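Working notes, structure below.
Nothing in this text is a laboratory measurement; each read-out follows from the coordinates by a stated rule. The structure displayed is predicted, hence computed values, not measured ones. Virtual Cβ from ideal backbone geometry, glycine too; neighbours counted across all protein chains shown.
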Amino acid sequence: MSLEKQVDLFANPFRPGVGHTPPYLAGRTKEQDEFRKLLNQKAITENVILTGLRGIGKTVLLREFEPIARHAGWLWTGEDLSETASLTEDRVAQRIVTDLSLVLSPLVNKQQMEMPFGFTGKHAKTLQPFEFRDLWNIYEKTPGLVQDKLKAVLRFAGEVVSKGPHKGIVFAYDEAQNLSDHAKKDEYPLSLVLDVFQSLQRQPDGLPFMLVLTGLPTLFPKLNEARTFSERMFHVMFLGRLSVEESYQAITKPIEDDKCPIKFTEEAVAAIARQSAGYPYFIQFICKESFDVFLAKINDKQRPSVPVAEILRKLDADFFSARWDNATERQRDFMQIAALLPNADDGFSGNEIVQQSAEVLEKPFSNSWANQMLAQLSDLGFVYKKRHGKYIFAVPLLSEFILRQHRQGLNLPPPFGDST
Ligand SMILES: Nc1ncnc2c1ncn2[C@@H]1O[C@H](COP(=O)(O)OP(=O)(O)OP(=O)(O)O)[C@@H](O)[C@H]1O
Ligand SMILES: [Mg+2]
């Protein structure tokens, strides 16, 4: 087959992006097995939190969970929780009722059609199809607080489900770290969700609903702050980097195809695995760039290689710079000090930054400044708090990016001279 034809038949398969299904989903089998087990609970006492750094593969894995749940006999509903959807209790309630109506309406309609003689035949034709409005009526007609109203709707849903073949309903919410209580506005949407689900699940005839929340590492501390029982209510899956073997699979499997015009050399695969450090987004990004480079060099007599320095420059411009530019100069100084610490990637304390800043800055940070700074950076999504007062960068490989900028500022030679 001619090269042109081959290129036409096989487009670059790598997909760096937000929630883009990868050409090959590497690893994550342990998490899928855990989820399968949780779906087998007799009464739901453990819900799921899927958490991890930006670009680690939370959205993609959440999407993998859906067919697993359906296969196990569950219904699935849910959404991406944008900030606006989650501001008030009313809006969150409306969200849940809307999501519920999507899975419930077909069931209720089916059950109405199958009702015993008297409701079938001619009458069935005149029956109004069940829809969101009907559920919302239950909500509105129930006296009491938002919580009582939502519980009434969910109890109704429980009855409908119990008459059918399904085991229950999974409510899956992505970007759930956006769900926050706002004491100043007297709005507690996060506590509302936790209270409602916990109380319905705890009853003797516990309703078959499972919450699957996905979000950044700030999510779980936030839930615990809102309700201490959250710790017992959720099984937390912390998604980490891919292992070396899984990284190799993510790099090589998508191009293991006779139609693929290129093949990465062993050195190239090793270089991509090393530079991406097992972070899925970076694997997709570097592979996509490398694929194009290999394709362009296909007619050269030389063995093509991964131009690491150029790709890193592009990654800095495409991925890191936009985030970095959101920080103030003082915040950047602060993060630079953190990145210079030998334990930058394992967790650092405000105190360590204060000490380091005394050595390198003319105007060092005080303790209270450092704490304020860490809180601001946490809100901006640059760092998150681990246990024991240690912080960690919430954006993968951010410390390396900062050090690259630092070196450039000092006019030092680029760190990655090789182009293997
Ligand atoms: N297991 C995997 N194997 C290979 N590629 C993956 C894997 N998981 C995710 N990716 C790729 O990584 C990128 C990021 O995935 P995803 O958007 O799911 O991350 P995320 O954790 O939801 O990020 P964010 O915190 O920004 O929402 C996507 O391009 C996706 O194709
Ligand atoms: Mg996501």
### Query
Share of antiparallel DSSP beta bridges in the chain, in percent to the nearest 5?
20 percent
### Query
So which lysines pass the test for Lys253, namely a Cα distance under 23 Å, with those fewer than 8 places away in the same chain ruled out?
Lys5, Lys30, Lys58, Lys263, Lys288, Lys297
### Between region 206-235 and region 248-327, the alpha-carbon center distance in angstrom
37 Å
### Query
If you average the sequence gap of Cα pairs under 8 Å that are 6 or more apart and divide by the length of the chain, what percent do you get for the contact order?
20 percent
### Summary
Percent antiparallel among DSSP beta bridges confined to region 29-238, rounded to 5, stands at 5 percent
### ³J(HN,Hα), Karplus 6.51/-1.76/1.60, whole Hz, each residue of region 287-299, x for Gly, Pro
5, 4, 4, 5, 4, 5, 5, 4, 5, 5, 9, 4, 8
### Message
What do you get for the angle between helix 89-113 and the principal long axis of the chain? Use alpha-carbon atoms, 0 to 90 degrees, nearest ten.
### Response
60 degrees
### Spherically averaged projected area of region 185-256 from its Cα convex hull (nm²)
8.0 nm²
### Task
Would you grab the residues whose amide H sits under 5 Å from the one on Leu50? Only those 5+ places off in sequence or on another chain, please, with H modelled 1.01 Å from N.
Leu213, Thr214, Gly215, Met237
### Simple spin-label estimate for Lys263 and Asn371 in nanometres, 7 Å along Cα-Cβ
6.1 nm
### Task
Tabulate in residue order the Karplus-calculated ³J(HN,Hα) for region 68-81, using 6.51 cos²θ - 1.76 cosθ + 1.60 with θ = phi - 60°, rounded to whole Hz; enter x for Gly and Pro.
5, 5, 4, 4, 7, x, 9, 8, 9, 8, x, 7, 8, 8
### Query
Using Cα atoms only, what is the angle between the long axis of helix 29-39 and the major principal axis of the chain, expressed in degrees (0 to 90) to the nearest 10?
10 degrees
### Proximal aspartates and glutamates relative to Lys110, as straight alpha-carbon distance under 19 Å, when same-chain residues fewer than 8 apart are discounted
Asp99, Glu131, Asp134, Glu159
### Query
How long are the semi-axes of the ellipsoid equivalent to region 29-238, from square roots of 5 times the Cα gyration tensor eigenvalues, in whole Å, largest first?
30, 21, 15
### Query
Each residue of region 21-27 in order: what ³J(HN,Hα) in whole Hz does its phi give by Karplus 6.51 cos²θ - 1.76 cosθ + 1.60, θ = phi - 60°, with x for Gly and Pro?
4, x, x, 9, 8, 8, x
### Task
Please work out the Cα convex hull volume for the chain and give it in Å³ per residue.
183 Å³
#### Entry: Helix axis angle, 398-409 relative to the chain longest principal axis, alpha carbon, degrees
30 degrees
